[in-house]
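K.L.:
Sending over a structure as structure tokens; questions will come in a sec.
We did not get these values from a lab; they are worked out from the coordinates using the rules stated. Note that the structure is predicted; figures quoted are calculated from it, not measured. Please note: Cβ atoms are built from the backbone with ideal geometry, for glycine as well, and neighbour counts cover all protein chains shown.
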């Protein structure tokens with residue numbers, strides 16, 4: 001049996017941009033991607049703390065060290081600059097493997113930097 005489990009989580013980062021007229025995705029500072037074990041084009045769930053919105057999209061690399069978190073395309077309607085979000089990815093794995101798997105969870109500071 002294969003199940004879906006938490007793989008990566010960036011807990012409570014601030015939206016720095018929202019670009020409606022862009023092909024949909026979320027742009028994430030590459031330092032945050034590395035710390036959370038996310039890769040470009042990986043599917044993620046975005047949970048907006050401010051308004052309760054949830055959406056799925058994929059990751060685009062942002063400028064390393066910039067703190068950038070940008071919702072692009074239609075997703076830009078789901079958050080405003082300054083909103084706090086949680087970025088989550090899941091992985092499918094064997095039930096027994098999942099019992100010992102440990103997800104990568106990071107807690108950036110209020111400037112979207114790794115603490």
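K.L.:
How much length, in nm to one decimal, is gained on full extension between residue 21 and residue 64, taken as 0.36 nm per residue of separation minus their Cα-Cα distance? Let's see the in-between values first.
P.N.:
Working: separation 43, 0.36 × 43 = 15.48 nm, distance 2.30 nm.
Length difference between fully extended and current span is 13.2 nm.
K.L.:
Still on this model: Can you tell me the alpha carbon radius of gyration of the stretch 42-105 divided by the globular rule-of-thumb value 2.2 N^0.38 Å? Walk me through the intermediate numbers first.
P.N.:
Details: Rg = 14.1 Å, N = 64, 2.2 N^0.38 = 10.7 Å.
It is 1.32.
K.L.:
Moving on to the next point. Fewest Cβ neighbours within 10 Å first, please rank 16, 2 accordingly. Provide the component values of the computation, followed by the final result.
P.N.:
Working: 16 18, 2 11.
Going from least to most buried by this count: 2, 16.
K.L.:
Let me check against my output: what whole-number percent is the relative contact order of the stretch 2-100, with C-alpha pairs under 8 Å and at least 6 apart? Display every interim value, and only then the final one.
P.N.:
Values: 235 pairs, mean separation 47.3, N = 99.
Result for the stretch 2-100 is 48 percent.
K.L.:
Now a separate question. For a footprinting-style exposure proxy, rank 95, 101 by other Cβ within 10 Å, fewest first.
P.N.:
Details: 95 10, 101 13.
In increasing order of surrounding Cβ atoms, one gets 95, 101.
K.L.:
If the viscosity is 0.890 mPa s and the temperature 25 °C, what translational diffusion coefficient in µm²/s does Stokes-Einstein give for the chain when Rh comes from Kirkwood over Cα pairs? Before the final figure, lay out the partial values.
P.N.:
Values: Rh = 14.1 Å.
Stokes-Einstein gives a translational diffusion coefficient of 174 µm²/s.
K.L.:
Quickly rank 71-82, 47-58 as a protection proxy: mean count of other C-beta atoms within 10 Å, highest first. Write down the numbers at each step before the final one.
P.N.:
Working: 71-82: 17.2, 47-58: 13.5.
Most protected by this proxy first, the peptides run 71-82, 47-58.
K.L.:
Helix-derived [θ] at 222 nm for the chain: sum -39500 (n - 2.57) over DSSP H runs of at least 4, divide by residue count, nearest 500? Walk me through the numbers on the way to the answer.
P.N.:
Numbers: 2 runs with 13 residues, N = 115.
Calculated mean residue ellipticity at 222 nm is -2500 deg cm²/dmol.
K.L.:
Residue 11 versus residue 113, label points 7 Å from Cα toward the beta carbon: distance in nm?
P.N.:
2.1
K.L.:
Further question on the same structure: Within the stretch 14-28, find all residues whose amide N lies under 12 Å from a label point positioned 7 Å from the Cα of residue 50 along Cα-to-beta-carbon.
P.N.:
Backbone N within reach: 14-18.
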